[in-house]
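J.: Take this structure, written in C-alpha cells, and hold onto it; I'll ask about it next.
The values are calculated or read from the model by the stated rules, or taken from the named source; none is laboratory data. Computed from a predicted model, the values in this text were never measured in an experiment. FYI the Cβ positions are ideal-geometry reconstructions off the backbone, even for glycines, and counts take in every protein chain you see. With ligands, DNA and RNA removed, areas are computed over all heavy atoms of the protein, side chains included. Shrake-Rupley method; radii C 1.70, N 1.55, O 1.52, S 1.80 Å.
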Amino acid sequence: MNLIFRYMKKQGKRIGLSMTLKTLGTLGELMIPYILEHIIDVVVPQGYASMVLLWGCCMIAAAILVRALNVKANRTAVFVGKDCIRALRYDLFQKTINLSGAQFDRFGLPSLTSRMTSDSYNVQDFMVSVQAMGIRSPMMLLGGIVITMMMDPALSGILCIMVPILGVAVFCITRYGIPLYTKVQTSVDRVVQVLRENITGIRVVKALSKEDYEQERFRQANETLTANDVRASITMATPGPVMQLALNIGLTLVVIVGAYRVNSGAIQPGVILAFLTYFNMILQGVMGLNRIFMTASKAIASADRIDLILQTGDDLPVLEEAGPTMDPANHIVFDHVSFSYHKTGEQCLSDISFTLRPGESLGIIGATGSGKTTIVNLLMRFYDCDQGGVYIRGKDVRTYDRDALREMFGVVFQNDTIFNDTLRENISFGRNLSDEMVRQAAQTANIADFIEGLEQGYQYRADIKGVNLSGGQKQRMLVARAVADHPEILVLDDSSSALDYKTDAALRKAIQAGYSSSTLIMIAQRVSSIMNLDHILVLEQGKMIGYGTHQELLESCPTYLNIYQSQMGDIA
C-alpha cells in the first residue's frame, strides 16, 4: 500500500480537488431526501402550490449540481489514476531494463511481463476507485446514519445494529482475500510464460506437430489460473449478497416499525419515505466500501509484487577500487576467472585466463553449454565473476560506470532481436548515426544491396522479430547494427550460423578491413570462421582446454583437431 500512496502523493493537488468535489456532491446528495421529507411533511400540508413548485425546483437544482460535481470529480480521478500509473509503469520499466542478469533470471520474463500489465492495471483500478468512492461511500454510510438518527432514533437503531456486523465481515474476508489474489497473479505469470513460449516457438511446435501437447500445457496453466481466480472472486464476492440480504431485512423492519410509529403519531409519513431513500444510500455506501475492499485486495497483492521489483537493490554496484590493476597496454584480460550462474558449486567457467592487445582478435569455440557466451556476459558485466578478475584497459570492469563500459561494445548475441521499426533505425538503434555511417555498416555486413534494392530502401519496416526477413538477412542486419558506431570492442556471438560459407568469408574480410582497430571476439561453431584470428580459445564444460593460433591448436589440442577434421576434412 505504501507504493500506491507514494505515487498518489505526487498528484496531491488534483486528488484534493477530486475529493473536495466529491465531498460537496455527496453532501448535496444527502440533502435531497431531507428536502423531500420537508416537502411532504411541511410544505404540502400548507396547501401552497407555489411553495411545492419552489421546493421541487430546489430538488432538481440540487440533483443537477450533484451530478455535475460527481462527473467532474470522477473525470479528475480517472486522469489522476492514468498519470500515476503512467509514472509507475515508466519507473517499473526503467528498473526492469536495468536489472542485472542474475536478477532478471530470478524474476523471470513472464513474471516481469505480468507485473507490467495486469498488476499495474489492478493498482490503477484501485487508485481510481478510492478517489471515486473513497469519500462518497463512507459519507453515504455515516451521513445516512446520522441524518436518520436525527429524524428518528428508533428507526435508525435498526441500521446501527447491522452496519458494524457487516463491517467486521467485510474486513475479515478482505484480509483473507489478499493472499488469494497473490496466488492469482502467480498463476498469471505461468500462463504468460506458456503463451510466450508458444508464440516465439510456434514454428517448432508446428514442425513437430506438437499442437495438442502445447494445448494441454496451456489448458493446465489456464485451469490453475481459473481455479485460483474463481476461489478469490467467490471469497471476495461473498460480502455483497450478505450485505444486500441484511440491509433488505433491515429495510423491511424499517417499513414495519415505521408504519406502527406513523399510526401512533410518533412520526410523519414523509419520514418513512426519506428513511427508505437514506436506507438505499446507506446500501450504496456499504456496497461501495465492499467494492473498494475488493479492488484494494487485488491492488495490495499487485503493488507488493511491483514494489519488490522497484525496491530491488543494485547487485552490480560500481566499485571505487577492486583489487590490483593490470597493464593498460593490454586491452582485455581474463585473470583466473571462475563463475557459476546459480552459485550452486557447479561452475560454468573454471580458471579462465587470456590477454588481448588492442586490435587483436579472439575466436572462441566449443560444444554447446561449454561457457562461450558466459565469457561475453562477464566481459560486459551482466554478471560478476565468482573468482578472479575481468579487466579492460587495465581496470577491473567493476570500476567502470555501466553505461561507459557498454558504450565500448558492439555486440551480436545469439537469437538477437530485430525490432518492429525501419531498417535504418534497426541499424542506428537510437544512436543518431549519420546516413553515411548506416550505409557503411550495411555495406560491411553485406546487406546494403538487399536494402537498397527494396522500394522503400532503408525506410522499409521490419516486422516484430524480423519475421519478414530471412535468417541470413537478420544476421547481417544485426552485424550492421554492431559495427555501425565503430566500437572499441566488437563481439560476434554465433553471428554467421545462418550464412553460407561464401557470405561468411566476405563478412569476416569486410570486418577485418574496415574495423581493424577494434578488438574482436568471435564465438563460432565453424572452424573456418575463426581459424585466421590472432588467438583461439577452446572450451569444454567451462574449462580452457586449448589456447593459441590455429596452427598451434592443430598440434597441441586434440579436441580442436577433431573439430577441424570433422568440418574441413583430414589435413593434407
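J.: Exactly one condition in (1) among the polar types (S, T, N, Q); (2) surrounded by fewer than 22 Cβ atoms within 10 Å (Cβ to Cβ); (3) out of contact with any helix residue (DSSP H, G or I) (no Cβ under 6 Å at 6 or more places or on another chain) is false for residue 374; which is it?
T.: Tallying (1) among the polar types (S, T, N, Q); (2) surrounded by fewer than 22 Cβ atoms within 10 Å (Cβ to Cβ); (3) out of contact with any helix residue (DSSP H, G or I) (no Cβ under 6 Å at 6 or more places or on another chain), residue 374 fails exactly one: (2).
J.: Name the residues in region 40-88 that are open to solvent by 80 Å² or more (accessible area, probe 1.4 Å) and either within 15 Å of residue 133 (Cα to Cα) or of a type in the set (D, E, K, R) (or both), would you?
T.: Once the filter is applied, which keeps residues that are open to solvent by 80 Å² or more (accessible area, probe 1.4 Å) and either within 15 Å of residue 133 (Cα to Cα) or of a type in the set (D, E, K, R) (or both), region 40-88 yields 67, 72, 75, 82, 86.
J.: Determine which single condition residue 384 fails, assuming it passes every other condition in (1) of a type outside the set (A, V, I, L, M); (2) open to solvent by less than 30 Å² (accessible area, probe 1.4 Å); (3) under 18 Å from residue 542 (Cα atoms).
T.: Among (1) of a type outside the set (A, V, I, L, M); (2) open to solvent by less than 30 Å² (accessible area, probe 1.4 Å); (3) under 18 Å from residue 542 (Cα atoms), the lone unmet condition for residue 384 is (2).
J.: Moving to a separate point now. Considering only residues that are surrounded by 18 or more Cβ atoms within 10 Å (Cβ to Cβ) and either in contact with an Asp or Glu (Cβ under 7 Å, 6 or more places away or on another chain) or in a helix (DSSP H, G or I) (or both), which ones fall in region 434-445?
T.: Selection gives 438, 439, 440, 441, 442, 444.
J.: Among 45, 33, which is over 41 Å from the mean Cα position of the chain (by Cα) and free of Cβ contacts under 8 Å to residues at least 24 places away in the same chain? Give the steps one after another, and end with the answer.
T.: Numbers: 33 fails: free of Cβ contacts under 8 Å to residues at least 24 places away in the same chain.
Sole residue among the options that is over 41 Å from the mean Cα position of the chain (by Cα) and free of Cβ contacts under 8 Å to residues at least 24 places away in the same chain: 45.
J.: Please indicate, with yes or no, whether at least one residue in region 477-495 is polar (S, T, N, Q), open to solvent by 30 Å² or more (accessible area, probe 1.4 Å) and either part of a loop (DSSP other than H, G, I, E, B) or over 23 Å from residue 405 (Cα atoms) (or both).
T.: no
J.: Looking at region 446-465, which of its residues are farther than 10 Å from residue 423 by Cα, among the β-branched types (Val, Ile, Thr) and surrounded by 18 or more Cβ atoms within 10 Å (Cβ to Cβ)?
T.: 447
J.: Still on this structure, I have one more. Could you grab the pairs with beta carbons closer than 8 Å, sequence gap of 6+ or different chains, first residue in region 250-264 and of a type in the set (Lys, Arg), second one open to solvent by 50 Å² or more (accessible area, probe 1.4 Å)?
T.: That search, which allows pairs on different chains as well, returns 261/154.
J.: Among the residues of region 232-256, how many are touching a helix residue (DSSP H, G or I) at 6+ places or on another chain (Cβ under 6 Å) and at pLDDT 80 or above?
T.: Qualifying residue count, region 232-256: 1.
J.: Have a look at 524, 506, 513 and point out the one that is touching a residue at least 24 places away in the same chain (Cβ under 8 Å) and farther than 28 Å from residue 348 by Cβ.
T.: Unique residue meeting the criteria: 506.
J.: Just to be sure I understand the filter: pairs with C-beta atoms under 6 Å, separated by 6 or more residues or on different chains, first member in region 427-440 and of a type outside the set (Gly, Ala, Ser), second member open to solvent by 10 Å² or more (accessible area, probe 1.4 Å). Which pairs pass?
T.: Taking only residues 6 or more apart or on different chains, the pairs are 427/481; 429/481; 431/485; 438/424.
J.: Okay, moving on. Quick one: what pairs do we get from region 135-156, first residue within 18 Å of residue 290 (Cα to Cα) and in contact (Cβ under 8 Å) with a residue 60 or more places away in the chain, second among the charged types (D, E, K, R) and assigned to a helix (DSSP H, G or I), C-beta under 6 Å, 6+ apart or different chains?
T.: 135/22; 136/22
J.: Exactly one condition in (1) under 16 Å from residue 156 (Cβ atoms); (2) hydroxyl-bearing (Ser, Thr, Tyr); (3) surrounded by fewer than 13 Cβ atoms within 10 Å (Cβ to Cβ) is not met by residue 278; state its number.
T.: (3)
J.: Please determine, by comparing only the residues of region 387-414 that are within 21 Å of residue 542 (Cα to Cα) and part of a loop (DSSP other than H, G, I, E, B), which one is most open to solvent (accessible area, probe 1.4 Å).
T.: 414
J.: Given (1) closer than 30 Å to residue 140 by Cα; (2) open to solvent by less than 80 Å² (accessible area, probe 1.4 Å); (3) not charged (D, E, K, R), identify the lone condition not met by residue 256.
T.: All conditions are met except number (2).
J.: Would you say residue 158 is open to solvent by less than 40 Å² (accessible area, probe 1.4 Å), over 20 Å from residue 26 (Cβ atoms) and at pLDDT below 85?
T.: yes
J.: Go through (1) touching a Ser or Thr at 6+ places or on another chain (Cβ under 7 Å); (2) open to solvent by less than 40 Å² (accessible area, probe 1.4 Å) one by one and return the number of the condition residue 291 breaks.
T.: Only one criterion in (1) touching a Ser or Thr at 6+ places or on another chain (Cβ under 7 Å); (2) open to solvent by less than 40 Å² (accessible area, probe 1.4 Å) is unmet by residue 291, namely (2).
J.: Here's a follow-up. Is it true that residue 227 is open to solvent by less than 30 Å² (accessible area, probe 1.4 Å), part of a helix (DSSP H, G or I) and out of contact with any Phe, Trp or Tyr (no Cβ under 7 Å at 6 or more places or on another chain)?
T.: On the way: open to solvent by less than 30 Å² (accessible area, probe 1.4 Å): no; part of a helix (DSSP H, G or I): yes; out of contact with any Phe, Trp or Tyr (no Cβ under 7 Å at 6 or more places or on another chain): yes.
Spelling it out, it is not the case that residue 227 is open to solvent by less than 30 Å² (accessible area, probe 1.4 Å), part of a helix (DSSP H, G or I) and out of contact with any Phe, Trp or Tyr (no Cβ under 7 Å at 6 or more places or on another chain).
Here's the yes/no breakdown for (1) of a type outside the set (Gly, Ala, Ser); (2) out of contact with any Lys or Arg (no Cβ under 9 Å at 6 or more places or on another chain):
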{"position": "337", "(1), (2)": "yes, yes"}
{"position": "340", "(1), (2)": "no, yes"}
{"position": "352", "(1), (2)": "yes, no"}
{"position": "362", "(1), (2)": "yes, yes"}
{"position": "370", "(1), (2)": "no, no"}
{"position": "375", "(1), (2)": "yes, yes"}
{"position": "394", "(1), (2)": "no, yes"}
{"position": "406", "(1), (2)": "yes, no"}
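J.: Quick one: how many residues across region 528-572 are hydrophobic (A, V, I, L, M, F, W, C) and closer than 21 Å to residue 359 by Cα?
T.: 6
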